[in-house]
Structure formats: structure tokens, C-alpha cells
Amino acid sequence: MDITIQITNAAIAQNTPAVARSGAAGAWAEFLGLVRGEENGQPIAALEYEAYSPMAVREMRRIVEELSARHPCLAVTIIHRIGIVPVGAAAIFIGVAAKHRAAAFALLAGFMDRLKQDVPIWKRRALAELPPPGGLAPVAPATPAQPASAGEVLALLERICRPLEPERVPLADAAGRVLREPLCAPEDQPPFDRSSVDGYAVRLDDMAAQFRIVDEIRAGDWKPCQLQPGEAVRIATGGALPGDGLQVVMREDAEREGAVVSVTRRNRNRHIRFRGEDARAGQILVDAGTALQPGTLGLLASLGCVRLPVTRLPRVLHVATGNEIVAPDESPRPGQIRDSNSTLVRAFLGRRHIAPVQLRIPEDEAAAATAIRNPQSAVDLLLISGGASVGEHDFTLRLLVRLGFTILVSKTTARPGKPLIVAQRGNALAFGLPGNPLAHFVCLNLYVRAALEAFAGGEACPGFQAGVLAADLAAGGEPRETFWPARWKFTGGRATLTPLRWSSSGDLTSLATANALIRVPAGAERLQPGAQVEFVATEIMA
Ligand code: AMP
Ligand code: MG
């Protein structure tokens, strides 16, 4: 028998293909389970399902196999949707092909009965409102001839990019992701009184100099008991106190001889981490919008929060264009160069845990359109490197229009990075990035970063910060605002910036050390050491 089982985050098409409707099958029975508009008498907008997918698939297969021994069928297709399923949408589809309808109905009914009780798919909760749609807000198209300043492009991105939808991920995969719901302490922390030292627990009111050791408590033990005057319990750091009204005398303040311990020094410190002293049950410990750092994750692990609601990662397609570019591990022929932008983009996105699909294509608009169309349906962000300017062979603008994108920005007044395109199609955002590597670095760190941060929905990035020049910056009276590669560090409590050498947006060597971009105002001639400047950190230093 053919069994196909799928657990998916995507919508189940209501006209799911009638799989395995072969001539041998006399019957095809289908079941579509839709989310109803109420739960426990309350109106709802959606249900959230969660699954332990590998186990759920295994269990469903086992049930189908078991049932088909009694009700022989030819094929079964099961699709279960998880995540947030709005009212009216299908949470489950089951199709059964059989020789006889009775077997198909019996298997279908038997499966539905067992699904709820045996399969690890949980109806996690009902939602009174649907979460706002992620992606992009609609915006009016630009007048393409009009260049935008860097500030205008950033403001546009801030206005249109919204956080993507949340998803639940295991603790182990949550580093760097943005939490979307506040998380509370499910119980007091610590959950019981614990000794903070190695020592001897005695009654607080028992001031004897010598005690009889009646038991030993190691971390992990649970041995409640009522200590009597003159009695002590040896206890390890982290061990659960056996009762109330106790004090732990540090091992260093006591001398033990066999089953007797003499206290040599005693003060008022009880050496106990009391139940709830760190946090009370119900207290919010991590706010929505927090980017999950190692420390936060450690805290959440201690609370048993193992599946965290975080913003899903954007699906990114990156296309490097140009007849001249070859892979970094190839030897360029005369006239060719190695593609450095694809590596830059991959590393840039990798730091945000995003793994883009990457393509390298020649300067052929039709070929590019075909290559992009394929995986495009699932793309939130399309990055096209090269071909963004106005040369005869620069086709990014035409390509995006051909693909149905609305052009929002067609060039900027900033340098490097004048040929920048920003475009939108539904919930997909596209950037046409100038091929020159330094311009690429600037556009990624200014604009693409702003879009990614808005998609993630965390705290707003610091954006431009104030710093002080550590050396001369010869800006040369350039009439355009310039983003100058630099190296920044903290010195004497302030950010100091050393401008790096570059003369063309095609220069790469400054990228070896650049960790900042200094915003040099249009028309600036020469900025002296000590001058106040604005900068964007491309790498955060501790
Ligand atoms: P374009 O934006 O296509 O006009 O390219 C501008 C400059 O960037 C040209 O010198 C290209 O050779 C160079 N370039 C384009 N794509 C890449 C790439 N992926 N890696 C390195 N340089 C590139
Ligand atoms: Mg090109």
C-alpha cells in the first residue's frame, strides 16, 4: 500500500490532488478537517497546532498500517498543517483509495479516532485574533528618475517592512532569533530552598557548639525531615534544604570528627538560596522582542521553555550577475574576475542565521528571469548583485519590472552605492545591488540590514552612532553624502574611528579590516582628527 504523510506549515489546498486514483481503486474517500470559528464556546480567529514531526509521521504511518490490515486499502495520503491555522482553513486532509468503499470509510474513520489520542500533534491554543501579516506594507511606486538619499531609503524600508510571522523552534536552534511572546517563570526560581555552600544544615534557633550528623544531602536528593536540637545534616552546594527554619554552616567554619561536627565560627548568613528569591511564578522574565543571546537561552532552558515562539527567518534568494564573474575557486581568464559578492552576501546573512539560495548567472535577462522565477514563490527577499546601474547591459531594473515588481527606489544620491534599486511585489522585497564590492558592502550594511532587522521584529538597531575621528579624513569636497569605510574601537570611553584608504567603489582591500562606515556629509572637505562624526558599525565589538 502507498502511504504519503506530510506535515507542513503551508496552507492545504482545498482541491488537494486526488492521489492514487488508479483504475484499481473503486473508491476514493476524502476528509478535510476545517478550523471552526469557536473553541469552548468562545469565538476564535485561528488555532495553533504544534507537532513533534518525525514522531508524528512515524505514529501516523503505524496507525495506517495497523488499520489497513483489517481494512485493506490501496493508498493513503495524509497532510496535516501545523502552526497558525485560521478559521475556515484546513488543518488536515486525508484521502484513501480502496477497492471497496466500506474499507476506505472504515480506515478513514478508524484513523480519525486514533489521531487525537496517539499522535504527537497538539492543538496548542486558540487565538482570538490573527497575528498581523508579516512582510511588507503596500506603498506607492517611485518616480524612477528621482534619486533618493540614504536617509530616505532607510525611512522607506522602516515604513514598509514588518516583522515576519512567528514560528516555534527548539531551544537548540533559537540562538540569535527574536522572541515574539513574553516568557514567564512557570514556577518559583529557585523552585525549592537550596544550600549555596557545602556545609552543615542546623536549626537556626540551635546555638549549640557541637552537632550530631544525622544524614547527608547531595545535590539532587529530596529528603524532607524535621531536624531536632543538636542535629545537623551534611549538605552539598545546590542540595535541597530538608525543612524550614534552618541555617547552613559553611564547611570551612566547622570541624568534623566522625558523626560529630563542631562549629568554629557562626554568623548571621544562612547560606540559603530561598525558593522564589530569583523569580516568582508568573513573573515575566524575557520580553517579546528580545534577541535570544546565550544567557537568555540558558535562563529559558532552566525554566523548561523548550520550544520558543520566534520570528521565522526570511527566505532569501541571491543572484550574482555578470559575464565576467567566475567562482572563487576558479582561475579567471583574461577579462574575468572572481565573484566576491556572493561570499560577502552569504557571510553577511549567515551572521543572522539566514542561509540564502544563491545563483550565479550571466548577463542574459531572459535566463535570469527563468532562474529567478523557479524558487521565487517562497522568497521574502531577492538580492540581485550587479547590473543595477544604467549601462546597456544592466538589466536588473527591467528584470524586476518584468517579474512584476514595483520599483520604489531606482538610485541613490549616496556613494558608494549610487545604483541601488529597491522594489516590491506583494510580500517580497527586492534589492538591486551595485556590483562593485565596496558599494555592495555599504548597501548590505545600510539598507539590507535595515530590512532584515524590520523583518525580525526585534529592538531597533542602533543605526547611526556618534564617534570621533582618530585620523585625518580627506573627503575632497565630494558633493554626495559618502559612507567611508573605517575601523572603529572604544578608546577612553568613546568610539574612535580610523578612516581606511579607498579610491573607487571597486576597491576591496579596505574590506579586510573595515568594521564601520563613517557618514561623511555632502560637501565636506577635510575632517580633522578629533572631529565628531556619525557612523554605522558593521561589526559590533565588545
Ligand atoms: P555592475 O553593477 O554589474 O555594473 O558591476 C560593477 C562592477 O562590479 C564591475 O566592475 C563588475 O565587474 C563588478 N562586479 C559585479 N559583480 C561582481 C561580483 N559578484 N563580485 C565582484 N565584483 C563584481
Ligand atoms: Mg554587471
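The values are calculated or read from the model by the stated rules, or taken from the named source; none is laboratory data. Since we're looking at a predicted model, the values are computed, not measured. Positions of Cβ are backbone-derived with ideal geometry, glycine not excepted, and every protein chain shown enters the neighbour counts. Note: accessible area is taken over every heavy atom of the protein model, side chains too, but ligands, DNA and RNA are not part of it. Shrake-Rupley method; radii C 1.70, N 1.55, O 1.52, S 1.80 Å.
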Query raised in the report: Between residues in region 505-525 that are on the phi > 0 side of the Ramachandran plot and residues that are aliphatic (A, V, I, L, M) and open to solvent by less than 40 Å² (accessible area, probe 1.4 Å), which pairs lie under 9 Å by C-beta distance while being six or more apart or on different chains?
Result: Gly523/Ala475
Query raised in the report: Restricting attention to region 214-225, which residues are in contact with a Pro (Cβ under 8 Å, 6 or more places away or on another chain) and not aliphatic (A, V, I, L, M)?
Result: Asp215, Lys223, Pro224, Cys225
**Report entry** Among the candidates Pro43, Pro72, residue that is open to solvent by 20 Å² or more (accessible area, probe 1.4 Å), in contact with a Gly (Cβ under 7 Å, 6 or more places away or on another chain) and assigned by TED's automatic domain parsing to the domain that holds Gln6
**Finding:** Pro43
Query - Index of the failed condition, Gly23 passing every other in (1) at pLDDT 90 or above; (2) more than 25 Å from Arg307 (Cβ to Cβ); (3) small (Gly, Ala, Ser) - result: (1)
Report summary line: Across (1) buried (at least 19 other Cβ atoms within 10 Å of the Cβ); (2) more than 10 Å from ligand 1 (Cβ to nearest atom), Ala320 clears everything bar (2)
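Results for (1) over 19 Å from Asn40 (Cβ atoms); (2) of a type in the set (Ser, Thr, Tyr); (3) part of a helix (DSSP H, G or I), shown as yes or no for each residue.
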residue: Ala97; (1), (2), (3): yes, no, no
residue: Ala102; (1), (2), (3): yes, no, yes
residue: Leu108; (1), (2), (3): yes, no, yes
residue: Arg125; (1), (2), (3): no, no, no
Requested in this report: Considering (1) under 19 Å from Pro314 (Cα atoms); (2) surrounded by fewer than 16 Cβ atoms within 10 Å (Cβ to Cβ); (3) not aromatic (Phe, Trp, Tyr), say which one Gly404 fails and leave the rest.
Outcome: (1)
Report summary line: Within region 492-505, restricting to residues that are open to solvent by less than 80 Å² (accessible area, probe 1.4 Å) and of a type in the set (S, T, N, Q), the one that is farthest from ligand 1 (Cβ to nearest atom) is Thr496
Query raised in the report: From Gly304, Gly298, which residue is open to solvent by 30 Å² or more (accessible area, probe 1.4 Å), free of Cβ contacts under 8 Å to residues at least 12 places away in the same chain and more than 15 Å from ligand 2 (Cβ to nearest atom)?
Result: Gly298
Report summary line: For region 432-467 the number of residues that are within 16 Å of ligand 2 (Cβ to nearest atom) and either within 15 Å of Gly135 (Cβ to Cβ) or among the polar types (S, T, N, Q) (or both) is 1
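Every residue, every condition in (1) open to solvent by 60 Å² or more (accessible area, probe 1.4 Å); (2) at pLDDT 95 or above, yes or no:
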{"residue": "Asp507", "(1), (2)": "no, no"}
{"residue": "Val520", "(1), (2)": "no, yes"}
{"residue": "Ala524", "(1), (2)": "no, yes"}
{"residue": "Glu534", "(1), (2)": "yes, yes"}
{"residue": "Met541", "(1), (2)": "no, no"}
Query raised in the report: From the list Ile325, Ile284, which residue is of a type in the set (A, V, I, L, M), away from ligand 2 (no atom under 16 Å from the Cβ) and either more than 29 Å from the chain's Cα centre (by Cα) or surrounded by fewer than 16 Cβ atoms within 10 Å (Cβ to Cβ) (or both)?
Result: Ile284
Report task. For region 330-347, state whether one or more residues are surrounded by 13 or more Cβ atoms within 10 Å (Cβ to Cβ), within 16 Å of ligand 2 (Cβ to nearest atom) and at positive phi. Result -> no
Query raised in the report: For Asp253, are the conditions met, namely being more than 16 Å from ligand 1 (Cβ to nearest atom), of a type in the set (Asp, Glu) and either open to solvent by less than 30 Å² (accessible area, probe 1.4 Å) or touching a helix residue (DSSP H, G or I) at 6+ places or on another chain (Cβ under 6 Å) (or both)?
Result: yes
Query - Hey, Leu438 in contact (Cβ under 8 Å) with a residue 60 or more places away in the chain, in the same structural domain as Arg360 (by TED's automatic domain parsing) and over 27 Å from the mean Cα position of the chain (by Cα) or not - result: yes
Query raised in the report: Would it be correct to say that Arg315 is out of contact with any helix residue (DSSP H, G or I) (no Cβ under 6 Å at 6 or more places or on another chain), closer than 25 Å to Ala137 by Cα and either open to solvent by 20 Å² or more (accessible area, probe 1.4 Å) or within 16 Å of ligand 2 (Cβ to nearest atom) (or both)?
Result: yes
Query - Close pairs (7 angstrom Cβ cut-off, 6 or more residues apart or separate chains): near ligand 2 (Cβ under 8 Å from one of its atoms) in region 379-401, hydroxyl-bearing (Ser, Thr, Tyr) and part of a strand (DSSP E or B) anywhere - result: Gly386/Thr321; Gly387/Thr321
Query raised in the report: Of the residues in region 218-235, how many are closer than 23 Å to Thr264 by Cα and touching a strand residue (DSSP E or B) at 6+ places or on another chain (Cβ under 7 Å)?
Result: 8
Requested in this report: Inspect all residues belonging to region 204-217 and state whether any of them is of a type in the set (Gly, Ala, Ser), more than 26 Å from Pro294 (Cα to Cα) and out of contact with any strand residue (DSSP E or B) (no Cβ under 7 Å at 6 or more places or on another chain).
Outcome: yes
Requested in this report: Could you tell me which numbered condition Glu363 fails, if it satisfies all but one of (1) free of Cβ contacts under 8 Å to residues at least 60 places away in the same chain; (2) within 24 Å of the chain's Cα centre (by Cα)?
Outcome: (2)
Report task. Could you tell me whether Ala512 is exposed (fewer than 14 other Cβ atoms within 10 Å of the Cβ) and either under 29 Å from the mean Cα position of the chain (by Cα) or of a type in the set (Lys, Arg) (or both)? Result -> yes
**Report entry** Top-ranked residue in region 260-281 [being among the polar types (S, T, N, Q) and open to solvent by 70 Å² or more (accessible area, probe 1.4 Å); ranked as farthest from Ala209 (Cα to Cα)]
**Finding:** Asn269
Query - Selection count where residues are modelled with pLDDT of 90 or more, open to solvent by 40 Å² or more (accessible area, probe 1.4 Å) and within 16 Å of ligand 2 (Cβ to nearest atom), scope region 348-378 - result: 2
Query raised in the report: How many residues are within 12 Å of ligand 1 (Cβ to nearest atom) and farther than 16 Å from His318 by Cβ if we restrict to region 370-401?
Result: 8
